[in-house]
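Read the figures in this text as sums done on the coordinates, not as results from a lab. Note that the structure is predicted; figures quoted are calculated from it, not measured. We place every Cβ from the backbone using ideal geometry, glycine too, and count neighbours over all the protein chains shown.
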Amino acid sequence: MLEVFICEDDEAQRKKMVKYVSDYITMENLDMKIVMATPNSEDILEYLRNNRVTGLYFLDVDLKEEKSGIALGAEIREYDTYGAIVFVTTHPELTYLTFTYKVEAMDYITKDQFTDIRQRVIECINTANQRYVMNKHDNLKIFQVKSGDKMISVPYGEIMFFETSPQLHKIILHTKNRQVEFYGKLKDILERDTRFYRCHNSFVVNKDNIMEVDFGKREIRMKNGQICYASSRFMKGLKGIVQD
């Protein structure tokens with residue numbers, strides 16, 4: 001389900017936004033819900049620290065607190081990498097700050113007499129919902145895991161392999177261009193997706209990203225050049241994967 005968050009410090013504006021969103025979700029019977037409508041940025045961040053979220057965020061830029069809506073958007077990106085962020089403001093001249101904070105926004109809605117805010121909100125809902133539905137397909141499926149106080153989202157296609165960490169009860173996720181350490185068990189990883197294969201007691205590999213297997217050295221070279229190791233116990237299964 002796509003979760004919707006509204007951060008607006010003007011109560012009247014917040015109620016309007018809630019009505020626009022809830023009415024359209026109900027009318028179109030969308031797989032979405034408003035999780036939170038709040039004047040406080042910290043409410044949203046606290047929720048993201050404790051929940052795996054794919055969200056649509058409507059953020060007032062000029063919040064009556066030390067943190068701006070754009071700064072909030074930058075922090076949201078740390079927890080929900082692929083969420084859709086929409087900035088709503090009476091100050092269109094502040095759009096340049098999205099580049100300063102490196103926040104990729106889906107839209108920037110100006111609260112003035114010339115803007116049909118309701119229609120713009122509906123357009124954002126439709127776009128975010130279409131992206132969400134696409135991401136549910138296997139090729140764009142998202143793997144989410146909590147690392148420290150951050151929720152990390154990684155497309156399955158970018159996962160190379162998992163290995164047990166020297167730290168007890170932890171796993172290291174190797175992606176296309178980074179590593180993430182988190183608490184977990186390899187047997188639970190195997191249940192997440194059929195493309196994962198147990199190639200060693202300490203390794204689970206993404207079959208789709210295997211480039212080649214050196215059966216003599218029992219090494220698996222991934223598409224990004226990383227090396228994953230295999231044990232004799234699992235070599236037969238690997239041969240079947242490579243031949244396919």
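To the nearest 0.05, how large is the calculated FRET efficiency for Arg178 and Asn51 if R₀ is 25 Å and r is the Cβ-Cβ distance? Efficiency at R0 = 25 Å is approximately 0.65.
DSSP beta bridges in the chain, what fraction antiparallel, as a percent rounded to 5? Counting only bridges with both partners in the chain, antiparallel ones make up about 60 percent.
Between Met222, Met211, Met160, the GNM of the chain built on Cα springs shorter than 10 angstrom shows Met211 fluctuating the most. The label point for Glu158 and the one for Glu42, both projected 7 Å from the Cα toward the Cβ, are 3.1 nm apart. Across q = 0.09, 0.20 Å⁻¹, segment 2-136 modelled as identical point scatterers on its alpha-carbon atoms has Debye log10 I(q)/I(0) values of -0.22, -1.25, in the order of the q list. Working from label points 7 Å from Cα in the Cα-to-Cβ sense, the Asp31 to Lys239 distance is 4.1 nm. In order along segment 168-177, phi translates into HN-Hα couplings of 4, 6, 10, 10, 9, 8, 9, 10, 4, 9 Hz, rounded to whole numbers, per the Karplus curve 6.51 cos²θ - 1.76 cosθ + 1.60 with θ = phi - 60° and x for Gly and Pro.
Which entries of Lys15/Lys141; Lys146/Lys217; Lys176/Lys239 show an alpha-carbon separation above 27 angstrom in the structure shown?
Details: Lys15/Lys141 34 Å; Lys146/Lys217 34 Å; Lys176/Lys239 23 Å.
Going by Cα-Cα distance, Lys15/Lys141; Lys146/Lys217 fall outside the 27 Å limit.
Computed with the Debye formula from one identical point scatterer per Cα of segment 193-244, without solvent, the log10 of I(q)/I(0) at q = 0.24, 0.27 Å⁻¹ comes to -0.88, -1.15.
So what is the calculated 222 nm ellipticity per residue for the chain, using -39500 (n - 2.57) for each DSSP H run with n of 4 or more, over all residues, to the nearest 500 deg cm²/dmol? Mind showing how you got there, number by number?
Working: 7 runs with 76 residues, N = 244.
The per-residue figure over the chain is -9500 deg cm²/dmol.
Size check on the chain: the Cα extents along the three principal axes, sorted descending, read 71, 36, 28 Å.
Sequence-ordered 3J(HN,Hα) estimates for segment 21-34 from the Karplus curve with 6.51, -1.76 and 1.60 and θ = phi - 60° stand at 6, 5, 4, 6, 4, 5, 4, 9, 6, 7, 7, 8, 7, 7 Hz, glycine and proline given as x.
Would you mind estimating how fast segment 142-243 diffuses translationally, via Stokes-Einstein at 10 °C and 1.306 mPa s with the Kirkwood radius over Cα pairs, in µm²/s? Using the Kirkwood radius from Cα pairs, D works out to 116 µm²/s. Percent relative contact order of the chain, based on C-alpha pairs within less than 8 angstrom and at least six residues apart? In percent, rounded to a whole number, it is 12. Among Asn206, Asn129, Asn224, the largest mean-square fluctuation in a Gaussian network model of the chain (Cα springs under 10 Å) belongs to Asn224. Which of Gly73, Gly216, Gly184 moves the most in a Gaussian network model of the chain with Cα springs under 10 Å? Between Gly73, Gly216, Gly184, it is Gly216 that shows the largest mean-square fluctuation.
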